[in-house]
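See below for the structure under consideration.
The values are calculated or read from the model by the stated rules, or taken from the named source; none is laboratory data. Here the structure is a predicted model, which means the values were calculated and not measured. Backbone-built Cβ (ideal geometry, glycine too); neighbour counts: all protein chains shown. Calculation scope for accessible area: heavy atoms of the full protein, side chains included, ligands and nucleic acids excluded. Shrake-Rupley method; radii C 1.70, N 1.55, O 1.52, S 1.80 Å.
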Amino acid sequence: MPIEKTELETLVRQAFPDAAITITDLAGDNDHWALDIASPAFKGKSRIEQHKMVNSALKNMVGGTLHALQLKTSAPE
Amino acid sequence: MTDSPIFDRIKEEIAANDVLLYMKGTPTFPQCGFSATVVAILTRLGITFKGVDILRDQELREGIKVYSDWPTIPQLYVKGEFIGGCDIVKEMTESGELQELLTSKGIAGAA
């Protein structure tokens, strides 16, 4: 299901207030998003843990409402 | 319910295959771009793996998401350890981490 970019951004910012966030609409249909999140909150966590943090932030929409989400997470140096 | 037949099935399958990919479709005919990407990566690295088509089995499709605590397919397991989905596998391949991981677990590739 489509989701507005602003809604996506709000959810991510709420969970990662000090992150550098890039959101890209891959297909121009509000339904295929690429999220790039760089946050100190990810420091020391495995990629799986980082992605699970994002999944929670997105209120577990991933896989349902958000079925096509490309996720890139990193901890800034 | 921590004990259920589907979890037992999953545990057995993960234990019986060094490299196991829960995917949509089959390795020869993937039914989704993300699954196809992981298949292509494993194939290019010359890794022998088993593909399990979750589209044919609704119970497995739901069960594996609960088992792995991961909401999407594909899901890659190496020697019983959950590695991640398409994004993670791609990143690890680009950085060389996946190749290192496979080597360290004694899994040979053609590369």
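Of A:Leu26, A:Asn60, A:Pro2, which is farthest along the charge dipole of chain A in the positive direction, counting Lys and Arg as +1 and Asp and Glu as -1 at C-beta?
So the residue we want is A:Asn60.
Amide H of B:Val19 versus every other amide H placed in the peptide plane: which residues, excluding those fewer than 5 positions away on the same chain, fall under 5 Å?
B:Lys50, B:Lys79
Beyond 25 Å, how much of the Cα-Cα pair distribution for chain B remains, as a whole percent?
Numbers: 947 of 6105 pairs.
So the portion of pairs separated by more than 25 Å is 16 percent.
Along the Cα→Cβ direction, 7 angstrom out, place labels at B:Glu62 and B:Thr43. What is the inter-label distance in nm?
If labels sit at B:Glu62 and B:Thr43, their model points lie 3.3 nm apart.
Could you run the Karplus curve 6.51 cos²θ - 1.76 cosθ + 1.60 with θ = phi - 60° over the stretch B:77-86 and give me ³J(HN,Hα) per residue in whole Hz, x for Gly and Pro?
After applying 6.51 cos²θ - 1.76 cosθ + 1.60, I find 10, 10, 6, x, 9, 6, 8, x, x, 4 Hz.
Using +1 at the Cβ of each Lys and Arg and -1 at the Cβ of each Asp and Glu in chain B, identify which of B:Leu101, B:Ile6, B:Phe49 lies farthest towards the dipole's positive end.
Highest projection toward the positive end goes to B:Phe49.
Working from Cα positions, state the angle (0 to 90°, nearest 10) between the long axis of helix B:33-44 and the longest principal axis of chain B.
So the inclination is approximately 50 degrees.
Counting only C-alpha contacts under 8 Å and six or more residues apart, can you give the relative contact order of chain A as a whole percent?
Relative contact order, chain A: 37 percent.
What is the distance in Å between the Cα centres of the stretch A:14-41 and the stretch B:1-56?
28 Å
Tabulate in residue order the Karplus-calculated ³J(HN,Hα) for the stretch A:12-25, using 6.51 cos²θ - 1.76 cosθ + 1.60 with θ = phi - 60°, rounded to whole Hz; enter x for Gly and Pro.
5, 5, 4, 7, 10, x, 10, 9, 9, 10, 10, 10, 10, 8
Could you work out how far helix A:47-57 tilts from the main Cα principal axis of chain A, as a 0 to 90 degree angle to the nearest 10?
That helix lies at roughly 60 degrees to the long axis.
Just to confirm a number: summing +1 for Lys and Arg and -1 for Asp and Glu over residues other than B:Gln31 whose beta-carbon lies under 13 angstrom from that of B:Gln31, what do you get?
Details: positive: B:Lys24, B:Arg56, B:Arg61; negative: B:Asp53.
Its environment carries a net charge of +2.
Suppose we take every Cα in the protein assembly as shown and form the convex hull; what volume per residue is that in Å³?
Numbers: hull volume 24.7 nm³, N = 188.
Per residue, the Cα convex hull of the protein assembly as shown comes to 131 Å³.
Once phi is turned into ³J(HN,Hα) by the Karplus curve 6.51 cos²θ - 1.76 cosθ + 1.60 with θ = phi - 60°, what whole-Hz value does each residue of the stretch A:37-45 show in order, with x for glycine and proline?
My calculation for the stretch A:37-45 gives 10, 10, 9, x, 4, 8, 4, x, 9 Hz in order.
Take the Cβ-Cβ distance between A:Asp36 and B:Glu12 as r, set R0 to 35 Å, and report the resulting FRET efficiency rounded to the nearest 0.05. Let's see the in-between values first.
Working: r = 38 Å, r/R0 = 1.08.
For A:Asp36 and B:Glu12, the calculated efficiency is 0.40.
With +1 assigned to the C-beta of every Lys and Arg and -1 to the C-beta of every Asp and Glu, and no other charges, what is the dipole magnitude of the protein assembly as shown about the Cα centre in debye, to the nearest 20?
On the way: 19 positive and 26 negative charges, 52 e Å.
Taking the Cα centre of the protein assembly as shown as origin, the dipole is about 240 debye.
Only four residue types carry charge here, +1 at the Cβ of Lys and Arg and -1 at the Cβ of Asp and Glu. Report the dipole size of chain B about the Cα centre in Debye, rounded to the nearest 20. Intermediate values should be presented prior to the final figure.
Details: 11 positive and 16 negative charges, 63 e Å.
Its charge dipole is roughly 300 debye.
Which value in Å does the Kirkwood hydrodynamic radius of chain A take, with 1/r averaged over all unlike C-alpha pairs and then inverted?
Details: mean 1/r = 0.0806 Å⁻¹.
For chain A, inverting the mean 1/r across all distinct Cα pairs yields 12.4 Å.
Return the value, in Å² to the nearest 100, of accessible area buried between chains A and B (probe 1.4 Å, both sides summed).
1200 Å²
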